[in-house]
Amino acid sequence: MIKKLKKISFITLPIALGVFLIWYSVSKFTPSDIQSIKTSFATANYWWVVLSLFFGVLSHLSRAYRWQFLLEPLGYRPRFANSVMTVLIAYLLNLLIPRSGEIARAVSIKKYEKIPFETAIGTIVAERVADVIMLLSITGIAFFLQTELLGSYLFKENEESSIYLKITFLVLFPLLGIVTYYFLKKSRNPFIQKIFKFIKGLIDGVKSIITMKKKWAFIFHTVFIWFMYVLMFYTVTFALPETTNLPFAAIIVAFVVGGFSMALTNGGLGTYPVFVASALILYHIDDNPARAFGWIMWTAQTLMVIIFGGLSFLLIPIYNRKRH
């Protein structure tokens, strides 16, 4: 009974949180706010959004191709079309049930390419390690670029503030990370041990990537995927006049905030537009254009996943039936 409740909560709570956040944020809008957001939607240049989605498609194709570098040393060479469609199906199912996409991806590739489930899921976990490392790296860049903003709050516009914060970031944080790692390693607390195992998994994942046969191709595609993600975000800033001249630091910070919001609810439902808008407001973008940008970005990404994921779900059995 308890296990069933946990499963139900795992599925329903993120959706409930997303719906609540949408209701709560919309309930704060005045009639003039709603009209202003409608105007932003009506006047946006959606050709930039289309270009953004093109970069999104490239990232998905690259992700499917990158998968080959993990499967080939194990003796498997799935057809590229199957790799692409299983990746898109995974994105679609993650909108419904968190982390279900990875399982569905492994099940699909087993069914259509005869790759063992355990092998497929192992390579998917290795991919996730690489993606977590990239997200943490971009997060580090965001903090580094944001030192002036932090300095203005902490040191009251002192000219030396950003220098102090940069030194702290480059020297103190790595030392703190090393000390924390050894503290976690020595601790016997079950919760701390879980954190340590997660960090050790990241380190082991990095080692496996460094020692793999086509590591440079794998690293190139990993960087390319995340570059496309950032480019997707950056391109949409040109859709609205208020966000056209955003500084690079603002784009990276808003991108990172949006990325982490995806972990809170299914596909960032309710959280992505609110979090991204909050980040843009820090950089003096008016509230309503910032909200409109967040909703345009989230809606475009979600529709892309639904359309391409849905088509892949329908086409993959047809494609493989014709092939056989």
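Want the number for residue 248 to residue 23: 0.36 nm per residue separation, take away the alpha-carbon distance, what's left? Before the final figure, lay out the partial values.
Values: separation 225, 0.36 × 225 = 81.00 nm, distance 3.13 nm.
So the chain would gain 77.9 nm between residue 248 and residue 23.
Residues in region 288-324, backbone N under 16 Å from the label point at residue 81 (7 Å along the Cα-to-beta-carbon vector): list them, ranges by number please.
The answer is 311-324.
So, in nm, how far is label residue 42 from label residue 318 when the simple model puts each one 7 Å beyond its Cα toward the Cβ?
Going from the residue 42 label point to the residue 318 one covers 3.9 nm.
Read the figures in this text as sums done on the coordinates, not as results from a lab. A quick note: this is a predicted structure, and the numbers were derived from the prediction, not measured. Methodologically, a virtual Cβ is constructed for each residue, glycine included, from the backbone with ideal geometry; neighbour enumeration extends over all protein chains shown.
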